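K.L.:
Here you go, one structure.
What follows draws every value from the coordinates through simple rules; no lab data is involved. What you see is a predicted model, and the numbers here were worked out from it, not measured in a lab. Here the Cβ positions follow ideal geometry from the backbone for every residue, glycine too, while neighbour counts run over all protein chains shown.
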Amino acid sequence: MSATIIDGKKVSKEIRETLKTETAEFIEKTGVIPGLAVVLVGNDPASAVYVRNKHRACEEIGFYSEVHELPEDTKEDDLLALLDRLNGDPKIHGILVQLPLPKQIDADKVIRKIKPEKDVDAFHPENVGRIMLGNYRFLPCTPAGVMALLDAYGIDPAGKDCVVIGRSNIVGKPQAFLLLERNATVTICHSRTADLSSHTKRSDIVVVAIGKPRFLKAEMVKPGAVVIDVGINRLPDGKLCGDADFEPISAFASAITPVPGGVGPMTITMLMKNTLTAAKAAVGT
Ligand code: GUN
C-alpha cells in the first residue's frame, strides 16, 4: 500500500477560488475592499519570499495590499508607531508583522501592539486565549491550514491518537488545541521528550513541526498513520525537504503531505481567509 499524497496546492487553489468569489460579493455589497498590511523588518531572504507571496495572493483574490519594508536597524518605537497608524487606518483590516524580528525589537511587545481585531496571524494574547477557550476570532494560519487539509481529505481527528512534534507558539501549541477542539486525544512532544518513538508509533495522526530535515523516520511511524509535515528545510544542495522522511514513510502511511506542495501553500490561503473575516467583522456583516 502506498500513501495518498495530500495535495496542498490543489486544496489551496480551491479555497482561494471560493475566497475570490466571496470577496467580489463582499465588495459589491459593502463597497469595502479587504485590506492587508504586511510589515517586513530586515533582510531575511526567506521572509522576503513569504512577504512577496502574501502580496501576490492578495492581488489574486482582490484585496488591497500594503507591504512595509523597514531596514534591519529599525528602532522598536518606530515599528510600534507604524502599527499604531495601521491600527487606526480604515483601509487596513489585517496586519501581519513577519517574524523573526531583529534582536533590538521585542516581538512580544510588537504582537501585543496589533489591534486584536486586525491580528490575522492570531498571535495576540487575546486571540490565543480565545482559541484556548474554543471561541476564536481567527485561527492561526499554519495550524488552520493543517485542519483544512485533513477536512479536504476526509480525515476526521475525533477519537484519534494524535501527536504534535514541536511546541512553538506559531504551530505546535495552537495545532494541539485545534486537534483537541476536534475531539482528538493529543500528545505534544518536543526536544526534551524522553522516548519520542513510543508516542509517534502509537499515533494515528503525526504532525511534525520541528525544523529538522527528515527527522521523522519510517520506523517511528505506525502503518496506516497520517503524517502532516509542517517543516520546510533547505538542504545544502539548495533543495527543500520537510521534517519527515517522505519516501520510506509514504510506502506504508495512509496519507502524507509533500514538501513543497503540502502545508506550505495552505498557510497563505488561511491568511487570506482571516483577512476577509476581519473585513467582514469590521463592517458588521
Ligand atoms: N514567520 C514564520 N511563520 C510566520 C507566520 O505564520 N506569521 C508571521 N507573522 N511570521 C512568520
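K.L.:
For region 57-75, how many residues meet the condition of being out of contact with any strand residue (DSSP E or B) (no Cβ under 6 Å at 6 or more places or on another chain) and either of a type in the set (V, I, T) or more than 16 Å from the ligand (Cβ to nearest atom) (or both)? Can you show your working first?
P.N.:
Restricting attention to region 57-75, the residues satisfying the condition of being out of contact with any strand residue (DSSP E or B) (no Cβ under 6 Å at 6 or more places or on another chain) are 57, 59-62, 71-73, 75.
After this cut, where a residue has to be either of a type in the set (V, I, T) or more than 16 Å from the ligand (Cβ to nearest atom) (or both) as well, the list is 59-62, 71-73, 75.
Going through region 57-75 one residue at a time, the tally reaches 8.
K.L.:
If I filter region 76-84 for residues that are under 24 Å from G284 (Cα atoms), within 15 Å of the ligand (Cβ to nearest atom) and over 21 Å from the mean Cα position of the chain (by Cα), do I get at least one hit? Outline the logic, then answer.
P.N.:
Initial filter on region 76-84 (under 24 Å from G284 (Cα atoms)): 83-84.
The next check asks that each one be within 15 Å of the ligand (Cβ to nearest atom); those that pass are 83.
Adding the requirement that they be over 21 Å from the mean Cα position of the chain (by Cα) leaves 83.
Yes.
K.L.:
From the list L139, L150, exactly one residue is farther than 21 Å from A48 by Cα, within 18 Å of the chain's Cα centre (by Cα) and either in a helix (DSSP H, G or I) or more than 12 Å from the ligand (Cβ to nearest atom) (or both). Which is it? Full working, then the answer.
P.N.:
Working: L139 fails: either in a helix (DSSP H, G or I) or more than 12 Å from the ligand (Cβ to nearest atom) (or both).
Only one candidate qualifies: L150.
K.L.:
With the requirement that a residue be of a type in the set (D, E, K, R) and assigned to a helix (DSSP H, G or I), what does region 49-85 give you?
P.N.:
First, the residues of region 49-85 that are of a type in the set (D, E, K, R): 52, 54, 56, 59-60, 66, 69, 72-73, 75-78, 84-85.
Result: R52, K54, R56, E59, E60, E76, D77, D78, D84, R85.
K.L.:
Read through the list (1) in a loop (DSSP other than H, G, I, E, B); (2) out of contact with any Pro (no Cβ under 7 Å at 6 or more places or on another chain); (3) crowded, with 22+ Cβ neighbours inside 10 Å, then give the number of the only condition that A122 fails.
P.N.:
All conditions pass for A122, except number (2).
K.L.:
Right, here's the next one. Quick check on this structure: which one of V207, V163 is in contact (Cβ under 8 Å) with a residue 60 or more places away in the chain and within 15 Å of I256 (Cα to Cα)? Working first, answer last.
P.N.:
Values: V163 fails: in contact (Cβ under 8 Å) with a residue 60 or more places away in the chain.
Unique residue meeting the criteria: V207.
K.L.:
With the requirement that a residue be in contact with a helix residue (DSSP H, G or I) (Cβ under 9 Å, 6 or more places away or on another chain) and within 15 Å of the ligand (Cβ to nearest atom), what does region 93-105 give you?
P.N.:
Kept after step one, since they are in contact with a helix residue (DSSP H, G or I) (Cβ under 9 Å, 6 or more places away or on another chain), are these residues of region 93-105: 93-101, 104-105.
Result: G94, I95, L96, V97, Q98, L99, P100, L101, I105.
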